[in-house]
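Working notes, structure below.
Since every read-out is calculated from the coordinates, none of them should be taken as a lab result. Keep in mind that what you see is a predicted model, and the values were worked out from it rather than measured. Here the Cβ positions follow ideal geometry from the backbone for every residue, glycine too, while neighbour counts run over all protein chains shown.
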Amino acid sequence: MNGKKALAWAALGLAMAMGIGSGCVDNRPRFNARLLGEGGEEPAFFSDDESVSQVLATKELLKLQSQEYQVGPDDVLDVSVFEWETNDQTKTLQFRVSETGIIALPMVGALNVAGMSVQEIQAAIETALKEGGVLQNPRVGVWVSEFRSRQISVIGSVHQPGSYAIHQNVSTLLDMISLAGGPLDNAGSIAYVIRNSGKGKTPERIKIDLDELLQRGQSDLNPVLGAGDVVFVPKAPLIYVYGSVRQAGAFTFRKQLRVLESIALAGGFTDMASATDVTLIRRLENGGERAYTIDVTRIEAGKDPNIFMRDGDVLRVHDSPPKRLWDEITTLVRGLFSFSYRLNP
């Protein structure tokens, strides 16, 4: 037994040395995570009051939806003058509207058609033919054969991203997402409508909760879109949880996610985890990163804020040094006693 006791004491000393040596692994400076909660809670991942107000402001454009399509630059028009017939076939001419809104008709000249409906263009051509002495009672037909002037882009996590020409004066976010085939499985719950506010001005960004719009059909989150607007559907935010958790890995989230929920996604703490020693690594706007210390026990007690996670955040749950040391001691002693028993049956 004396030999076994000696082995046990040797194991204890070795394990303590191992514990002391392994206690200093991460030397980066760490800040207290309470600093992240001092500015108040971050906005949750849904449409805020400002975005809802912006959506309501776009409803003024709905009156354009019931009006005839207004021709613009790059549209292609088919013009038929029924009196210009050859072999009983109507002669149809095709014109692409210039960047300045002009089409050039034979025997008539330049005609500015930007912002006009096909009926208005038809009447203007008939008037020009009469006043120019070309035809006394012209009969003119006008059609838009290619809609190009009013384009809305849908980009990001949708099945068919691209630029879409609309056949009306305006469209809606719901219609444009449907045209693009709908969101992909990796899409987040937020879409952004980006529109040009004018020369020299910062583009306007409207944040829309896609879950509320697509699944609950909330019409007050369906903005009216016009030419030049961009719809951006980003991927769902991604975080990483590793260390002393049961299911370490990368996790996406569609709604707001906080520290406690993130650890739960990773299966919770292992037996070796230190609930008072969790590191949050967050990217900074300047491209660097900063590490924060989180005490989960204080969060659970309501003493510290349960911080919102951001895209790209990394949570590392550290081992508890006393737990790890004791585990190493018991494992080593158990192994030495087993070895000693085999040597001395």
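What per residue convex hull volume, in Å³, comes out for segment 181-329 when only alpha-carbon positions are used?
Each residue corresponds to 162 Å³ of Cα convex hull volume.
Gain in length, E50 to D185, computed as 0.36 nm per residue apart minus the alpha-carbon separation, to one decimal in nm?
Separation in residues times 0.36 nm, less the Cα-Cα distance, equals 45.8 nm.
For segment 215-256, run through the trypsin sites (Lys or Arg not before Pro) and keep only the ones in DSSP coil with at most 10 other Cβ atoms within 10 Å of their Cβ.
R216
Using a basic spin-label model with each label point 7 Å from the Cα along Cα→Cβ, how many nm lie between S98 and E68?
With each label placed 7 Å out from Cα toward Cβ, I get 2.4 nm.
Could you tell me which of the pairs K255/K303; K63/K199; K59/K201; K63/K91 are separated by over 27 angstrom between their Cα atoms in the structure shown?
Violating the 27 Å limit, Cα to Cα: K63/K91.
Where in segment 189-212 does the amide nitrogen come within less than 14 Å of the point 7 Å from the Cα of R254, taken along Cα to Cβ?
The answer is 189-191, 209-212.
Per Stokes-Einstein, at 20 °C and 1.002 mPa s, what whole-number D in µm² s⁻¹ belongs to segment 76-146, with the Kirkwood radius over Cα pairs as the hydrodynamic radius?
The Stokes-Einstein estimate is 174 µm²/s.
Given a Förster radius of 41 Å and the C-beta distance between Y242 and H167 as r, what FRET efficiency does 1/(1 + (r/R0)^6) yield to the nearest 0.05? Before the final figure, lay out each step's value.
Values: r = 51 Å, r/R0 = 1.25.
After rounding to 0.05, the efficiency reads 0.20.
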